[in-house]
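Have a look at the structure below, then the notes.
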Amino acid sequence: MEKNAPIGFFDSGVGGLSVYARFRHALPNENTIYYGDLKNLPYGNKTQEELVCFARNILDFFKTKNVKAVVIACNTSSALAYDFIKNDYDFKIYPIIQSCAKVIAGMNINRIGVFATVGTVKSGAYKRELCRYKSELSVKEIACPNWVSIVEGVGLPYEESDIKIHLDEMLEFNPDKIILGCTHYPYLMERLVKYAPKSIFIDPAEIFVNYLKNDLFLNDNLKPGYEEFFVSADVESFLKNSQLFYNVKECNEADACIGNFS
Ligand code: DGL
């Protein structure tokens, strides 16, 4: 694999930029391409079959870009699509949940909460992956169906109760830590810390980027690498919402290159 080739990142929308921003900060000289699948947003309520199809289309797109690796900066896709596509490409694919589970399970904790999308929670992927490394861990997963809409600004106006209802239920479980198991959720941190200490929350992005740093075949560029952004729809809304996580200045619609997603 060509070490100067770009690394692909994808998510349903701007959420994956919470991973991407940390990555660019840690490894600014890598060449990167980010893909936001806004046409199919939100992923959280899609079927496994649909998610596998979206992932394949995006990976096929990255293949045309000759990437050296692809980062699935989306928990829902890691939970429901990764197992079906992981052996079909000649570049390495990094799913967020599976890449972070060992480090999280290795923390000195016994009870862990997970906030995630409906799809991720139903799949039980966090529990399965964490318990592979620590079988006695007690895991409570709670789906927060409105939280992605709050971040992407496509759904309901934000209500304090949308946040609090799930947090109250989680705190009753008395967790040592709570994983923000959807890449959109770190944006809600300011609201979450009104009701619980910041130290209780784990944003897997930091663990994920460390993992990538140690595992990727890095280039030897001495200058900042190039970056490109693509979406399958809604360039304007991506550019606007991206500012929550990263200063994206230019973005292209790439649907035509990759065919029909539905
Ligand atoms: N940000 C994604 C995740 O980490 C998906 C959110 C969605 O589109 O529902 O799961």
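For the range 105-134, the set of residues classified as part of a helix (DSSP H, G or I) and either small (G, A, S) or more than 15 Å from the ligand (Cβ to nearest atom) (or both) consists of A105, G119, S123, A125, K127, R128, L130, C131, R132, Y133, listed by residue number.
Exactly one residue among N210, N174, N146 is under 23 Å from A79 (Cα atoms), modelled with pLDDT of 95 or more and among the polar types (S, T, N, Q), and that residue is N210.
Conditions tested, residue by residue: (1) over 23 Å from I112 (Cβ atoms); (2) near the ligand (Cβ under 10 Å from one of its atoms).
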residue	(1), (2)
I142	no, no
S149	yes, yes
S161	yes, no
D176	no, no
H184	no, yes
M189	no, no
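Residues in the range 220-251 that are among the polar types (S, T, N, Q) and buried (at least 18 other Cβ atoms within 10 Å of the Cβ): S232, S237, N241, S242. For the range 236-252, the condition holds for no residue, the condition being that it is of a type in the set (S, T, Y) and more than 17 Å from G13 (Cβ to Cβ). Against the test of being at pLDDT 95 or above and hydrophobic (A, V, I, L, M, F, W, C), the options L156, L167 yield a single qualifying residue, L167.
Only residues that are outside any loop (DSSP other than H, G, I, E, B) and either touching a His at 6+ places or on another chain (Cβ under 7 Å) or not acidic (D, E) (or both): list them for the range 211-226, please. Selection gives Y211, L212, K213, N214. Flag not set for E236, criterion: free of Cβ contacts under 8 Å to residues at least 60 places away in the same chain, over 20 Å from M1 (Cα atoms) and in a loop (DSSP other than H, G, I, E, B). Contact annotation: residue pairs with Cβ atoms under 6 Å, 6 or more positions apart or on different chains, pairing a residue in the range 75-92 that is of a type in the set (D, E, K, R) with a partner that is away from the ligand (no atom under 16 Å from the Cβ), are K92/A69. Among the residues that make up the range 199-211, is at least one of them of a type in the set (A, V, I, L, M), more than 16 Å from the ligand (Cβ to nearest atom) and within 21 Å of I93 (Cβ to Cβ)? No, every residue in the range 199-211 fails to be of a type in the set (A, V, I, L, M), more than 16 Å from the ligand (Cβ to nearest atom) and within 21 Å of I93 (Cβ to Cβ).
The values are calculated or read from the model by the stated rules, or taken from the named source; none is laboratory data. If you're wondering where the values come from, they're calculated on a predicted model, not measured in any experiment. For neighbour counting, all protein chains shown are included, and Cβ atoms are generated from backbone atoms with ideal geometry for every residue, glycine included.
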